[in-house]
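The values are calculated or read from the model by the stated rules, or taken from the named source; none is laboratory data. In this text, all values refer to a predicted model and were calculated from it rather than measured experimentally. Heads up, the Cβs are rebuilt from the backbone with ideal geometry, glycines too, and the neighbour counts pull from every protein chain shown. SASA here: full protein model, heavy atoms, side chains in, ligands and nucleic acids out. Shrake-Rupley method; radii C 1.70, N 1.55, O 1.52, S 1.80 Å.
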Amino acid sequence: MRGHDWINNSLPDELIVEIFSHLHTKSIRDACSLVCRRWFRLERRTRATLRIGATHLFLDLLPTRFSSLRNLYIDERLSIPLQPGRRRPADRDSCFESTCLTDTGLSSLGEGFPKLHRLGLIWCSNVSSDGLTSFARKCSSLKALDLQGCYVGDQGLAAVGQFCKHLENLNLRFCEGLTDSGLVDLAVGVGKSLKSLGVAACAKITDISMEAVGSNCCSLETLSLDSEFIHNKGLLAVAQGCPALKVLKLQCINITDDALKAVGTSCLSLELLALYSFQRFTDNDKGLEAIATGCKELTHLEVNGCHNIGTSGIEYIGRSCQNLTELALLYCHRIGDVSLLEVGQGCKFLHVLHLVDCSSIGDDAMCSIASGCRNLKKLHIRRCYKIGNKGIIAVGKHCTSLTDLSIRFCDKVGDGALIAIAEGCSLRSLNVSGCHQIGDAGVISIARGCPQLSHVDVSVLQNLGDMAMAALGENCTLLKEIVLSHCRQITDVGLTHLVKSCTMLESCQMVYCSGITSAGVATVVSSCPNIKKVLVEKWKVSQRTKRRAGSIIAYLCVDL
């Protein structure tokens, strides 16, 4: 009732706080905090997680405003400099250097949040070992620490190992100041609790560190290595000393077959394996055979840029890894149809398949996947020129759970494939960019058969015109994003039909569409109340459209 506040006058702070604690969606919590000043203050007290740039809030104010905070992520890529003429209070300058978090600020965080569980310091380049040491002394309950891009040294990492005995997750990507000494001390200090470790672009980290991890971190479950300085010796030590390993991501150009064989022999609980740019394998198929033989729990496999891996290695995976749910083969020119024939026969639970630049894989492989992997939900194919209508038609016939289909720059795929997909599947996302044989007929079928469609990319389709736009507008009212760039036959008329009913549209890209004029751009802006991004040549945007768009649309005027 107007003039009467039945909630604030009746409920104590404790009860409102309890209600807020059960709201798990950030957008709902944000909306509640704007109701009144009291709710704003109380909602802050219930926040367990906060993500900010270093200058978004003064750090010494955080403990009083967010008393329940357990997870804090500071990302200096989010920092916004103060406006000209505005000054910080003199007593707070010590926490910052320019717009960066410093050791003083990190130390004050330790004092304000002694029970913090997770801390992320993303690209906080002014934080050194002194600040990390001070923080570690005060926050002994820390469980997760992300130091990506921080130039901390060995002393700080050793302090974490000494004081943070509950640490489980550690990310050291781009921590250039570290050497083996710091990581060895950390492994010795928290080896019993550490479960996840990421090391990338740390030029001074060598096999010595990995040997320490293998000797001390028997509970390690996730390891991500991106280094040219790690060799077989280091990974062999990890494989033998960390039998509980479940996730292994490797981009180590100096690791060879023997290391992968050791993983297959020792890490029997492995669930995810990702191999990037392995060029020194001489007999890769034997390595994958060892993985397939030993790692029966494998559910995710990604092979990216490993040019020496051939067909037989993936054959072994298909025969032995029956629990495989996601397979990604990228830039693997030696892998042919026979490998996916085995995957189709053996991996009945496959949900996701990515194929990029696999020039030896064709329709036979896709037919086998379609007939055997009927639970497929996501299929992404790019530049696999041997795959055509036959393979995609088989997918439409058998994979009725498919919701996400991307077949970019597959020249042999035409309208017949999309017609089959529309008859058998209910897509939510479609990308057929660069499939030159696809025109109005295929897209119209998709529009009529897949009314739940929310994301569409039909760019670089020379035969696509206004009829397809009209069909999408009439049938796909949930559409949020569409990419039309380089579609020369689409005109303002098609855009008008598209946006007539697609009022939920948030993003429209239409660069180099010669049939679209400033009138069509104005139609999109004026007809779509939720529009956030319109990508178009600058000269097609009238002054009136600019004024109407305001600041809510990003990248409206872009020269390409």
Within segment 329-348, restricting to residues that are open to solvent by 10 Å² or more (accessible area, probe 1.4 Å) and within 25 Å of the chain's Cα centre (by Cα), the one that is farthest from LYS377 (Cα to Cα) is TYR331
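In the list ILE369, ILE361, ILE387, ILE392, which residue meets the criterion of being closer than 20 Å to VAL456 by Cβ and touching a helix residue (DSSP H, G or I) at 6+ places or on another chain (Cβ under 9 Å)? Working first, answer last.
Details: ILE369 fails: closer than 20 Å to VAL456 by Cβ; ILE361 fails: closer than 20 Å to VAL456 by Cβ; ILE387 fails: closer than 20 Å to VAL456 by Cβ.
The match here is ILE392.
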Going through segment 247-305 in order, the residues found to be of a type in the set (Ser, Thr, Tyr) and modelled with pLDDT of 90 or more are THR265, SER266, SER269, TYR276, THR293, THR299
Taking only pairs six or more apart or across chains, which ones have beta-carbon atoms under 7 Å, a first residue in segment 505-516 that is without any contact (Cβ under 8 Å) to a residue 24 or more places away in the chain, and a second residue that is open to solvent by 20 Å² or more (accessible area, probe 1.4 Å)?
none
Looking at LYS286, LYS249, which one is assigned to a helix (DSSP H, G or I), open to solvent by 30 Å² or more (accessible area, probe 1.4 Å) and closer than 30 Å to GLY336 by Cβ?
LYS286
Assess whether GLY391 counts as being open to solvent by less than 20 Å² (accessible area, probe 1.4 Å), assigned by the TED database to the domain that holds THR491 and outside any strand (DSSP E or B).
no
Every residue in segment 476-508 that is closer than 15 Å to LEU430 by Cα, open to solvent by 30 Å² or more (accessible area, probe 1.4 Å) and not in a loop (DSSP other than H, G, I, E, B), please.
GLU481
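When segment 423-464 is examined, which residues are found to be at positive phi and open to solvent by less than 10 Å² (accessible area, probe 1.4 Å)? Don't jump to the end; show me each part of the working.
Start the filter on segment 423-464 by keeping residues that are at positive phi, which leaves 434, 460.
Answer for segment 423-464, where residues must be at positive phi and open to solvent by less than 10 Å² (accessible area, probe 1.4 Å): just GLY434.
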I'm trying to understand the selection: among the residues of segment 415-429, which are out of contact with any strand residue (DSSP E or B) (no Cβ under 8 Å at 6 or more places or on another chain) and of a type in the set (Val, Ile, Thr)?
ILE419
Is there a residue being modelled with pLDDT of 95 or more, within 23 Å of the chain's Cα centre (by Cα) and buried (at least 17 other Cβ atoms within 10 Å of the Cβ) anywhere in segment 361-376?
yes
